[in-house]
Each structure stands twice: as C-alpha cells, then as structure tokens.
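So the structure is just underneath, and the comments pick up after that.
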Amino acid sequence: MADVLLVEDDSGIRSALIRGLAEHGHVVAAVATGAEAITSLSAHRPEVIVLDLGLPDIDGANVLSMSRVLNSAPVIVATARDDEREVVRILDAGADDYLVKPFSVAQLDARIRAVLRRTQAAEPEDATVVVGQLRLDPIGRTAHLGTDEITLTRKEFDLLHTLMLRPGEVVSRQRLLSEVWQLPWGGADRTVDVHLSWLRRKLGETAADPRYLISVRGVGVKLVDPDAAGAAGDAP
Ligand code: CA
C-alpha cells in the first residue's frame, strides 16, 4: 500500500515490523542507523518514514530534522519514551505522528494509513478550507460559520487557518507560535491561549464547552468537526 522506510536499530523489532508491514501490503526498506537513513533518503523517496528515536549513532530527533530537508514524506516516530515533553518536542521537530513502544503492527499500519490520508488530502494553502460549518477563504480573507460571516483579526484568521489545514491533528503551542507569529521556539507564552479564547468567543464556544477547538492538556490544540461521528468522544 505504501513505500515505507523503516529506521530501527533493534534487529528483532526490525524483522518483525518488516514481516508484519509486508503482510499489510506495504513495501518496506529497512535500515539500522541514522546515517543509513540519511543515505537512503538522499537516493530514494519513500511515502512514509517510520523512525525509531533511540538510534546508536545519531539522535532520532536530528534524523527527523534532516529527513525534513531531504524528503517531504510524513514521519511516524516510534519512541520508548512517552513523557509529555518528549512528545511535544517530537511533534515540534516536525513528526506527523508517534507511537510509544511496544506497539503492534496493526497499530502502526493504522497510523501509516492515517498520515497518508492526511498528506494526500492536503489542500493547497490558498484553497478555501471547510471543516463542518466553518468555511475559510484565504484569498478573500473571509470566514463563515454556517451562513454567518465572522470578523477575525489577522492573527485569529491565520491561527484558525493553520488549524483547519490539519483537522483532527493536535498542533502544539510552540508550532503555532512559530507558524502564525513567526516566533522562535522555546519560550513559554500565553499568546496562543489568549488568541484561542478570542477565537472561541467568535465561534460561540468556550474552553469548558468546546465545539471546534479542542485543547489537549500540556500538548496543544486541535480543530475538529463537532458534527462528525465520533467527534464528541474527542472532547476532554
Ligand atoms: Ca532503538
């Protein structure tokens, strides 16, 4: 189903994943080190990269940044570390998704299919985006909720646009600060939260009773279609 580059130094896990992913119809190229991953990426173009963070030569997070330069394929990070700060760091470094070890091949296959759906469905940045009743026209800079036009400030519009381009995906505050405000990463800042609360008011919702904008504690925020099946289950 997809050309996968698997980067995993543990030979037991590597062969189990190669076998399992092949059974799910994927074509897998596998390497054991960060250096081999970089070499492979300069010659081949996989559709998805599955990256172990704990590699013997180069830290997986550095491989992640390098892979971003070489290839636009989505990256799913496999990590033994599940602490929140680590997860935020990985997502900020540009990972599309992550799995905490141990995980099953079926879980990995589901994540691969999900990131492919997201990247293949990615709209050009100037196309009108629609999520549920929300509609944003980036060229006309207009926003509608149902038939009502919503008046947004420039930053509110950019924030909403950034989230609407990745429906259902948790976007970290740091990434929003970087993409919407062009602020360097690393600072703790209330800017995002303040703009989110203004945006919520304009969308007629609150943090305590969210509809479109769902905060994920300690990580960031995601935009969902509140009327879609299963969306209610995502609410905290
Ligand atoms: Ca490892």
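The values are calculated or read from the model by the stated rules, or taken from the named source; none is laboratory data. Please read all numbers here as calculations on a predicted model, not as lab measurements. All Cβ positions, glycine included, derive from the backbone under ideal geometry; neighbour counts span all protein chains shown. To get the accessible areas, we keep the full protein, side chains included, count just its heavy atoms, and leave off ligands, DNA and RNA. Shrake-Rupley method; radii C 1.70, N 1.55, O 1.52, S 1.80 Å.
Miscellaneous remarks
- Within segment 173-184, tally of residues that are out of contact with any Ser or Thr (no Cβ under 9 Å at 6 or more places or on another chain) and crowded, with 20+ Cβ neighbours inside 10 Å: 1
- Count of segment 185-206 residues which are open to solvent by 70 Å² or more (accessible area, probe 1.4 Å) and modelled with pLDDT of 90 or more: 4
- The criterion of at least 1 residues that are open to solvent by 10 Å² or more (accessible area, probe 1.4 Å) and more than 16 Å from the ligand (Cβ to nearest atom) is met by the following strands (runs of 3 or more DSSP E) wholly inside segment 3-85: 3-7, 27-31.
- Subset of segment 137-149 [in contact with a helix residue (DSSP H, G or I) (Cβ under 8 Å, 6 or more places away or on another chain) and either at pLDDT 95 or above or more than 18 Å from L203 (Cα to Cα) (or both)]: A143
- Residue in segment 113-122 that is free of Cβ contacts under 8 Å to residues at least 60 places away in the same chain, buried (at least 19 other Cβ atoms within 10 Å of the Cβ), in a loop (DSSP other than H, G, I, E, B) and away from the ligand (no atom under 16 Å from the Cβ) present: no
- Long-range neighbours under 6 Å by Cβ, at least six apart or interchain, first residue closer than 14 Å to D9 by Cβ within segment 25-38, second assigned to a helix (DSSP H, G or I) and open to solvent by less than 30 Å² (accessible area, probe 1.4 Å): V31/A37; V31/S40; G34/V63; A37/V63
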